[in-house]
Amino acid sequence: MATPIIFYFDFVSAYSYVAMNNIEALAKRWGREVEWVCVSLPAVLSHRNAVSPREQPAKFAHNMKDFPRLCEINNLPVNFPPEVPPYGATLHRLMFWRLNRKNPELAKDFAKAIDHRYFGTGKEVRTASQLASACKARGVAVSIKEIQAAEKDKKAHKALDAAFDRAIKDGMFGAPFMVLDGETFWGADRLDHLEYRLKNSVKVPRGFEKFSFTSPFTTLNGPLFVKCGKQKAVFGFRVAAHHLNPRNVVHGGWMTSFVDVAMAQSALYELGVVALTPTIHLDADFLAPIYPGQWVECDVRLVKTTRTMNFVEAVSYADGEPVLRSSAIYRKPRDMQERVGMNLSPTG
């Protein structure tokens, strides 16, 4: 099983508000879990001999425009800077760790509710009563008595201390801070870097390499992989969340797009040429659902080739089981380059 993304955050970090509302969906797209680790950002900054952006006039002036813009891009409500100055968030952190001990999902909901009130509405959230009110407004089932109990929760205190030690060891110097397979990412504006790394770390069977000769559509919905032999090219992909329909199985539209690329390019590969070929006709018979995490391959057979057309059949397999039978007719383009070695790129 893939290791989780470590997500370090603090309640007083504005950019943590953006990250905490995006990181779960991002991780799900690539089959990863997220481990939330709440730390005291002021303690981290002190350890690194650094100061808060609020103590850097030029940087804070920039953040006053940058942060609302980032929230707007992410469709998050924002009121920044809040009506009240930031207070110590020790109770917030202790409550997170108290909840996380028994119910990590509730702890995450608690964190998002608190930061929604502070950074989303600009309202004070300091006392146990205010924390409870913030939770109630967002439908998070946390009582004021439990929040009050967090202050003297020894296990929560130990967890917060341990989180600080872990964060420093992992190299944290600001929030939000993410660790993926030992690689670090800092800031909500680096979530796209995190996703880039996830997208390029998909596990594939031996012999498969990333297919680079593709379109914006298949790039957005991929990545696709290909294994090239002497005469045959086999295409494949690993099922992720962005391939799924509402029933949590691979969307038929994506599968037909996948086999269209696989059949067209595999036929040309067998003929020893490289080109883009228009699709004239495509049939697809779905044999079985395809589930998240499965490896899908398309085994193609060039049935017939004429001066102007390629006739192709294929069977797609998910973890070795047949899931789709397809056939297609492709028009041969006028401009075809001779394939060099096992290179599918027309510029190769």
Give me the one-decimal nm value for the distance between modelled label points at residue 103 and residue 331, 7 Å along each residue's Cα-to-Cβ direction. 6.1
FRET efficiency, residue 43 to residue 124 (Cβ-Cβ, R0 22 Å, nearest 0.05): 0.50
Going Cα to Cα from residue 332, which aspartates and glutamates come in below 14 Å? Please leave out same-chain ones fewer than 8 positions away. 270
Roughly how many nanometres apart are two label points built 7 Å out from the Cα toward the Cβ at residue 141 and residue 209? 5.4
Ranked on Cβ counts within 10 Å of their own Cβ, fewest leading, 321, 124, 338 go 338, 321, 124
Between their Cα atoms, which of 28/203; 169/210; 169/199; 28/59; 199/227 are more than 23 Å away from each other? 169/210; 169/199; 28/59
Tell me, what is the Rg over Rh of the range 209-338, with Rh the Kirkwood radius over Cα pairs? 0.95
Per residue Cα convex hull volume in Å³ - calculated over the chain: 169
Rounded to one decimal in nm, the spacing of the 7 Å Cα→Cβ label points at residue 217 and residue 50 is 4.4
Under 5 Å between amide H atoms, partner at least 5 residues away or on a different chain: which partners does residue 224 have, H built in plane at 1.01 Å? 211
If the cut-off is a Cα-Cα distance under 19 Å, which aspartates and glutamates reach residue 65, setting aside same-chain residues fewer than 8 apart in sequence? 55, 83, 115, 189
Note down the Stokes-Einstein diffusion coefficient of the range 5-199 in µm²/s, whole number, using a Kirkwood radius over alpha carbon pairs, 25 °C, and 0.890 mPa s. 146
Candidate lysines for bridging to residue 152, where Cα separation is under 24 Å - those fewer than 8 sequence places away on the same chain excluded: 102, 108, 112, 136
If R0 = 45 Å, then residue 83 and residue 309, at their Cβ-Cβ distance, give a FRET efficiency to the nearest 0.05 of 0.05
Antiparallel content of DSSP bridges confined to the range 5-199, in %, to 5: 60
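A short reminder: the numbers here are calculations on the coordinates, not readings from a lab. Small disclaimer: the values here were computed from a predicted structure and weren't measured. Don't worry about glycine lacking a Cβ; one is built from the backbone with ideal geometry, like all the others, and counts go over all protein chains shown.
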